[in-house]
1. Run down the aspartates and glutamates and flag those whose C-alpha is under 18 Å from the C-alpha of Lys63, throwing out any fewer than 8 positions away in its chain.
2. Between Ile59, Ile19, Ile33, where does the largest GNM mean-square fluctuation fall for the chain, given springs only between Cα atoms within less than 10 Å?
3. So if I place +1 on the C-beta of Lys and Arg and -1 on the C-beta of Asp and Glu, and nothing else carries charge, what would the dipole magnitude of the chain be about its Cα centre? I want it in debye, nearest 20.
4. Mind checking which lysines have their Cα closer than 21 Å to the Cα of Lys78? Skip sequence neighbours fewer than 8 apart in that chain.
5. Can you list residues from other chains, or at least 5 along the same chain, whose modelled amide H is less than 5 Å from the amide H of Ile59?
6. Please list 3J(HN,Hα) in residue order for the stretch 68-85, calculated via the Karplus relation 6.51 cos²θ - 1.76 cosθ + 1.60 where θ = phi - 60°; whole Hz, with x for glycine and proline.
7. For the stretch 14-30, list residues with backbone N below 18 Å from a point placed 7 Å from the Cα of Leu46 toward its Cβ?
8. What is the gain in length, in nm to one decimal, between Ala65 and Glu31 on full extension, counting 0.36 nm per residue of separation less the C-alpha to C-alpha distance?
Amino acid sequence: MDCFYEGENMLVIHPDECIDCGVCVPECPAEAIFSDAEPQATPHWLDLNRKYADQWPNIVAKKPAMPNADAENGRPGKAAEFSPEAATEEVR
């Protein structure tokens with residue numbers, strides 16, 4: 001989990017720190033984790049993950065999903081609501 005970083009409404013994985021072990025993939029309820037070799041891992045998403053991993057706090061322990069995670073899973077258009085802000089203590 002050392003390569004996970006927490007934003008206000010999203011987690012990112014630092015692509016340079018990830019060892020592509022795949023352990024996190026089945027743990028993601030949104031099925032949003034892809035190896036950087038997969039087509040879903042576009043340069044846009046890789047750059048976004050790298051940029052915010054360098055700015056946001058590191059997560060070193062598993063946390064419960066956000067309260068609205070189920071409702072947000074797969075909702076169209078939510079990428080436009082991305083917040084560049086780091087997580088606050090109340091979000092954590």
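Derivation of every value follows stated rules applied to the coordinates shown; laboratory data play no part. From a predicted model like this one, the values you see are computed outputs, not experimental measurements. Every residue, glycine among them, receives a Cβ derived from its backbone with ideal geometry; neighbour counts consider all protein chains shown.
1. Qualifying aspartates and glutamates at Cα under 18 Å: Asp2, Glu6, Glu8, Glu27, Glu31, Glu72, Glu89, Glu90.
2. The residue that fluctuates most here is Ile19.
3. Here the chain has a charge dipole of around 140 debye.
4. Correct list for Lys78: Lys51.
5. Phe4, Tyr5, Glu6
6. 9, 4, 5, 5, 7, 4, x, 5, x, x, 6, 4, 5, 9, 3, 9, x, 6
7. 14-22
8. Details: separation 34, 0.36 × 34 = 12.24 nm, distance 1.33 nm.
Answer, rounded to one decimal: 10.9 nm.
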